[in-house]
């Protein structure tokens, strides 16, 4: 079996509440993290919600990199979906971790677009 | 246990190759699908790759809705991440399905931001 994409799902708990609500800080960490992971940025959308919370999506040539935050729960959901075997998701995570400072986190990889050998 | 978000992961195989490369058609289906699912659109990014393939991300007040396509494999990866219990992901899927016409598809739900009762 061979996959077309790798989708990394990160859960970040116990983050710094102020950082979770800081759109500019999250934007900077995501753009730097994407580049450090070896991705090519082709677009971005960032949005701050009222009364709190930030959504950031960086469109990369390899697919997407997103973060959604819940400052009231100290939680952030981070996804990195890449079709390139050269992408290093740990580097993007490290950049976000350094900014949001979670007390605990989990990572999961979901293989996307699975074909049997010879079809992909 | 209670979750902050529901993340639906759809895999679409055997899609119409021409539709998979049609940025405007995908954009229209995604924007309509988001609204039909009960989501509120707050931003969007669409990108067509060379020689083929489309990435579309619709930022919704409830989180995000993304599609990535591989026309050469007849495959599309679709994600709908929502923090609202009122969102009906099947409606967004139906709209995309009507446009891409997959021969087979799968759906998976991942609960994001799980807290024990009393904490969320």
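Is one or more of the residues making up segment B:44-52 under 22 Å from residue A:57 (Cα atoms) and surrounded by 23 or more Cβ atoms within 10 Å (Cβ to Cβ)? No, there is no match, as no residue in segment B:44-52 is under 22 Å from residue A:57 (Cα atoms) and surrounded by 23 or more Cβ atoms within 10 Å (Cβ to Cβ). In this structure, is residue A:88 within 14 Å of the chain's Cα centre (by Cα) and over 13 Å from residue A:10 (Cα atoms)? Yes.
All but one of (1) closer than 18 Å to residue A:10 by Cα; (2) over 10 Å from the mean Cα position of the chain (by Cα) hold for residue B:71; which doesn't? Evaluating residue B:71 over (1) closer than 18 Å to residue A:10 by Cα; (2) over 10 Å from the mean Cα position of the chain (by Cα) leaves (1) as the failure. The number of residues in segment B:53-94 being more than 13 Å from chain A (Cβ to nearest Cβ), buried (at least 20 other Cβ atoms within 10 Å of the Cβ) and in contact with a helix residue (DSSP H, G or I) (Cβ under 6 Å, 6 or more places away or on another chain) comes to 1. Screening residue A:97 on (1) within 13 Å of the chain's Cα centre (by Cα); (2) farther than 24 Å from residue B:53 by Cβ; (3) not in a helix (DSSP H, G or I) shows it passes everything except condition (3). In the set A:85, A:105, only one residue is in a loop (DSSP other than H, G, I, E, B) and farther than 16 Å from residue B:64 by Cβ; that residue is A:85. Checked against the criterion of being touching a strand residue (DSSP E or B) at 6+ places or on another chain (Cβ under 7 Å), assigned to a strand (DSSP E or B) and within 14 Å of chain A (Cβ to nearest Cβ), segment B:22-39 has no qualifying residue. Suppose the filter is in a strand (DSSP E or B), in contact (Cβ under 8 Å) with a residue 40 or more places away in the chain, over 13 Å from the mean Cα position of the chain (by Cα) and surrounded by fewer than 24 Cβ atoms within 10 Å (Cβ to Cβ); does residue A:113 pass it? Answer is yes for this residue. Residues that are in contact with a strand residue (DSSP E or B) (Cβ under 8 Å, 6 or more places away or on another chain) and surrounded by 15 or more Cβ atoms within 10 Å (Cβ to Cβ) were ranked within segment B:95-110; the one that is nearest to the other protein chains (Cβ to nearest Cβ) is B:110.
Would you mind stating whether residue B:76 is under 11 Å from the mean Cα position of the chain (by Cα), over 25 Å from residue A:11 (Cβ atoms) and assigned to a strand (DSSP E or B)? When the stated conditions are applied, residue B:76 passes them.
For residue B:56, the stated conditions do not hold, so it cannot be described as more than 10 Å from the chain's Cα centre (by Cα), within 24 Å of residue A:48 (Cβ to Cβ) and part of a strand (DSSP E or B).
I'd like to check something: does segment B:1-11 contain any residue that is within 14 Å of another protein chain (Cβ to nearest Cβ), more than 24 Å from residue A:53 (Cβ to Cβ) and touching a strand residue (DSSP E or B) at 6+ places or on another chain (Cβ under 8 Å)? Yes; the residues of segment B:1-11 include at least one that is within 14 Å of another protein chain (Cβ to nearest Cβ), more than 24 Å from residue A:53 (Cβ to Cβ) and touching a strand residue (DSSP E or B) at 6+ places or on another chain (Cβ under 8 Å).
Readers should treat all values here as calculations from the given coordinates under stated rules, not as data from a laboratory. Just so we're clear, the structure is a prediction, and the values are computed from it rather than from any experiment. Positions of Cβ are backbone-derived with ideal geometry, glycine not excepted, and every protein chain shown enters the neighbour counts.
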